[in-house]
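Data first, discussion second: the structure below is written as structure tokens.
Only the coordinates and a few stated rules stand behind these numbers; no lab work does. Nothing here was measured: the structure is a model prediction, and the numbers come from that model. Heads up, the Cβs are rebuilt from the backbone with ideal geometry, glycines too, and the neighbour counts pull from every protein chain shown.
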Amino acid sequence: MLKIAFKMKLKPGFGDEYKKRHDKLWPELITLLKENGISDYSIFLDEETNTLFAVQQQNGASSQDLGSTAVVQRWWAYMSDIMESNSDHSPISTPLLKVFHLD
């Protein structure tokens, strides 16, 4: 199992809305993530910089690799008004380099 991290950027003033939308994450999106080996998925917000830090365990694809599916494309479109996004509505994300780990 591989643990990865990446960052994304939230538009200013949308922290509460981002949390609200994730509190009601679509069941079909949860199923897709789990069926593709994604688990222990957390997203943290640095309110000072509006930077989102995501960490996930994966046994297969990353959540960022599922963009060809209809449900992910709908989710990206739904979130694009509150996040910095690419022209296809995918969030602009940057992989992060692991420099330390402690079990």
- Query: Just how large is the dipole of region 2-95 about the Cα centre, in debye to the nearest 20, putting +1 at every Lys and Arg Cβ and -1 at every Asp and Glu Cβ?
  - Reply: 100
- Message: Using the Cα centre of region 1-55 as the reference point, and only Cβ charges (+1 on K/R, -1 on D/E), how large is the resulting charge dipole? Debye, rounded to the nearest 20.
- Response: 120
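Across every pair of different alpha-carbon atoms, what Kirkwood hydrodynamic radius in Å does region 2-95 reach? Display every interim value, and only then the final one.
Numbers: mean 1/r = 0.0740 Å⁻¹.
Kirkwood radius, region 2-95: 13.5 Å.
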